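Reading through the structure tokens given below for one structure.
The values are calculated or read from the model by the stated rules, or taken from the named source; none is laboratory data. From a predicted model like this one, the values you see are computed outputs, not experimental measurements. All Cβ positions, glycine included, derive from the backbone under ideal geometry; neighbour counts span all protein chains shown.
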Amino acid sequence: MIKLYDKGVFLVDGTDLYESSEELLNKTGISASASDAKKGTMAYSVIQAHNKSGDEKQLKLRFDSLTSHDITYVGVIQTARASGLTEFPVPYVLTNCHNSLCAVGGTINEDDHKFALSAAHRFGGIYVPANMANIHSYNREAMAGCGRMILGTDSHTRYGALGCLAVGEGGGELAKQLLNRTYDFAYPETIAIYLTGSPRPGVGPHDVALSIVGAVYKNGYVKNKVMEFVGPGIAGLPIEYRNAIDVMTTETACWSSIWMTDDETKGYFENHGRPEAYKKMAPQHTAYYDGCVYVDLSTIECTIAMPMHPSNTFTIRELLENAEDILHETEETVNSQTVGARIDLMSKLRNGSIYVDQGEIAGCAGGTFDGIMAAADILRGRSCGNGTFTLSVYPGSMPAYAELVRNGAVSDLISAGVIMRECFCGPCFGAGDCPANGELSIRHTTRNFPNREGSKPGDGQLSAVALMDSRSIAATAANGGRLTPATDLDIEYTKPEYHFDGSIYEKRVYNGWGHPEKDHELKFGPNIKDWPEMPELTDDLLVKLCSYIDDPVTTTDELIPSGETSSYRSNPEKLSEFALSKRDPEYASRSKAVRAFDRARINDKAIAPEVSGIYARLEAKGIKCDPLSTDIGSAIFAMSPGDGSAREQAASCQRVLGASADFAISYATKRYRSNCINWGIIPFLIEDPELIALGDYVFVPGIRKAVLNNDSRIKAYVIKPDGAVNDIELSTGPLTEDERKIIADGCLINYYRET
């Protein structure tokens, strides 16, 4: 059972919930106000310990450490270098777990790795070689600590189960930290995730996590808030079980997460040779939460998230009992969201059973020692069969892999027909084990967004991913691909003790923290390019709508596809060619045409005929404009853009193509909106999406002044292809003083050049 409370709750002694101050007083004799008791949460104490503003509501945060992987760190370092970086002021972990196969683009992936190693030497960073660990496994094992805060350029930067409040953001926010600036944010609401009961054998952490995601994502219950895990149910969960639940909090659209800690947490740090990283974390005697998600773990069933979102959840039992209806509905949804190809999920239903084609257990969610061990227990002495179905396992780190080798689990898996892979995040974002066209893959990974499995619908190729726990994936493998919940099997789970071998990292990881070698030469590959110049915001602005997306939510992966395209992440111009390529293939060419108009204005003092016509229509209506002094940019409209990944390329690629604005009803995540701002893209809000359309121009007079003044309403004009000129009102939502200046200067790099 999962219950969402309609209003806030008081929590006493970490166990007892009360729905009002009156109930609290009547039943306990405790008199407390919500405003005072809000300070009793764990989140409050951790956040305020890192807040440099002196204002508990308007935060300016400094983090204890930073982390990026090889899709994002080049952009972060290049941005910071262009803004005056001399050395890393806090530990900065550079992992190589996303583009580590070097299968696309010749030498460019490994060139980036060597750039990162040289940057770790020069600026004093920590370099984790390719296939040594995925980003989050390493940070759990080596960096997280109770009461600490970590900022990462991967959206799944979550170490809350270790008492560490971690945040996934775009690269611009890390660049700010590297330049001794702050992360500015209004204090978030905090939601209690109250756990009680114990999971049944065969029910794994992904079952719990997906159940929570399914309950809270669509209604925005925890969006941009802190999820604080409390309650008696925590005590019965092993630490890796907690870690695997925690990393999936990103899929709720929350800002961060944190858990109560105990002897289980303490044992984790002791086992990893860092006993000093532990301290007891718990709410104060009386704490107030802005909402509560009540989770009875004993009622959680084996769960599946059907394509194309982790919130599209069903119990596996429910799916099997209603297979025809659910498969048909899912098939219709997938095909409605896909351009260029169609999927046939109904073909997976045979003789009353559902048959899948592939299984993956991988990464920060599935590649834990406990998760793989449970799969080994299920498959020991069994076979995956020699049919279509295949199963691959990617351990989260080499220390975990080594222990699985030592205790024989790897042998058990291989003997059952499992393929053991390297420590690699690829299956989470479409860069490893792409299924064949038309296939359905079940994965203990973090996401099943469109194209996250690596298919190319534009080329007629489409496969799909459903998310499940490693236990049910192994149970399905044991039945040759017939979808099976792990609770259907009678398994004795061995739960062996884990022994962490830190010498594996000591021998290969370069740790230059605190010892920058300022004369060390940075090693550039031919694909590593500097950011192009970005123009500052002019007094007035003219933008053309080059893409119009009316889906309820647009993911980061649709804005800039992951997978093989990310190999070009260090070449801004080349990567930008892929912007919206799988959702709106004409976007890049449309945007570049508008960019050419602006370059002609700047370089040749010439106004293109198409643009001259727009200004003529404005002038005919009495609207003054100065064409040679007005930036001409492209823009997109999306209902709610930016769900999912923290990759800043979702915004920077638009900016490289000449974008000046986004239009939206709302922004799916704080991090995507921040990415837009840091790249000088104005995050416009529009109340009625029917007021604008693809191909429209929007003229915003006085925009620079409006942004700098943080005007709540901004007057603009829509120029239709038929010549009509219509008045509209826009807003940007609240902007901090720094955000206003960043937009006015054209991007974060320009802003730091001026300060």
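Summary table below
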quantity	calculated
Those residues of segment 179-206 which are farther than 30 Å from Asp36 by Cβ and either surrounded by fewer than 24 Cβ atoms within 10 Å (Cβ to Cβ) or out of contact with any helix residue (DSSP H, G or I) (no Cβ under 9 Å at 6 or more places or on another chain) (or both), in sequence order	Leu179, Asn180, Arg181, Gly197, Ser198, Pro199, Arg200, Pro201, Gly202
Of all residues making up segment 1-30, the number that are among the hydrophobic types (A, V, I, L, M, F, W, C) and free of Cβ contacts under 8 Å to residues at least 60 places away in the same chain	1
Top-ranked residue in segment 615-646 [being among the acidic types (Asp, Glu) and touching a strand residue (DSSP E or B) at 6+ places or on another chain (Cβ under 7 Å); ranked as modelled with the lowest pLDDT]	Asp643
Subset tally (residues that are more than 19 Å from the chain's Cα centre (by Cα) and in a strand (DSSP E or B)) for segment 185-240	10
Selection count where residues are closer than 24 Å to His156 by Cα, among the hydrophobic types (A, V, I, L, M, F, W, C) and in contact with a Ser or Thr (Cβ under 6 Å, 6 or more places away or on another chain), scope segment 624-682	6
Selection count where residues are in contact with a Phe, Trp or Tyr (Cβ under 8 Å, 6 or more places away or on another chain) and surrounded by fewer than 21 Cβ atoms within 10 Å (Cβ to Cβ), scope segment 422-465	1
Helices (runs of 4 or more DSSP H) enclosed by segment 1-64 - at least 2 residues per element that are small (Gly, Ala, Ser)	34-37, 42-49
Any hit, segment 497-505, residues being touching a Phe, Trp or Tyr at 6+ places or on another chain (Cβ under 7 Å) and modelled with pLDDT of 95 or more	yes
Qualifying residue in segment 61-73 (condition: under 23 Å from His156 (Cβ atoms), touching a residue at least 24 places away in the same chain (Cβ under 8 Å), of a type in the set (D, E, K, R) and surrounded by 23 or more Cβ atoms within 10 Å (Cβ to Cβ))	yes
Residue tally, condition surrounded by 14 or more Cβ atoms within 10 Å (Cβ to Cβ) and touching a strand residue (DSSP E or B) at 6+ places or on another chain (Cβ under 7 Å), over segment 312-356	17
Any hit, segment 466-473, residues being at pLDDT below 95, under 21 Å from Thr554 (Cα atoms) and under 29 Å from the mean Cα position of the chain (by Cα)	no
Condition met for Tyr510 (within 30 Å of the chain's Cα centre (by Cα), over 21 Å from Phe269 (Cα atoms) and either modelled with pLDDT under 95 or surrounded by fewer than 17 Cβ atoms within 10 Å (Cβ to Cβ) (or both))	yes
Residue ID - nearest to Ile150 (Cα to Cα), chosen from residues in segment 1-57 that are surrounded by 20 or more Cβ atoms within 10 Å (Cβ to Cβ) and of a type in the set (S, T, N, Q)	Asn51
Number of the condition not met by Thr95 [criteria: (1) more than 27 Å from Asp530 (Cβ to Cβ); (2) surrounded by 15 or more Cβ atoms within 10 Å (Cβ to Cβ); (3) of a type in the set (S, T, N, Q); (4) at pLDDT 95 or above]	(1)
Residue within segment 444-454 that is outside the structural domain of Glu739 (by TED's automatic domain parsing) and not in a loop (DSSP other than H, G, I, E, B) present	yes
Check on Ala80, touching a Leu at 6+ places or on another chain (Cβ under 6 Å), more than 19 Å from Leu165 (Cα to Cα), hydrophobic (A, V, I, L, M, F, W, C) and surrounded by 16 or more Cβ atoms within 10 Å (Cβ to Cβ)	yes
Selection status of Gly359, outside any helix (DSSP H, G or I) and within 29 Å of Leu462 (Cα to Cα)	yes
Which listed residue is buried (at least 24 other Cβ atoms within 10 Å of the Cβ) and under 21 Å from Tyr498 (Cα atoms), from Thr261, Thr249	Thr261
In segment 643-659, the residues that are in contact with a Gly (Cβ under 8 Å, 6 or more places away or on another chain) and either in a helix (DSSP H, G or I) or free of Cβ contacts under 8 Å to residues at least 60 places away in the same chain (or both)	Gln649, Ala650, Ala651, Ser652, Arg655
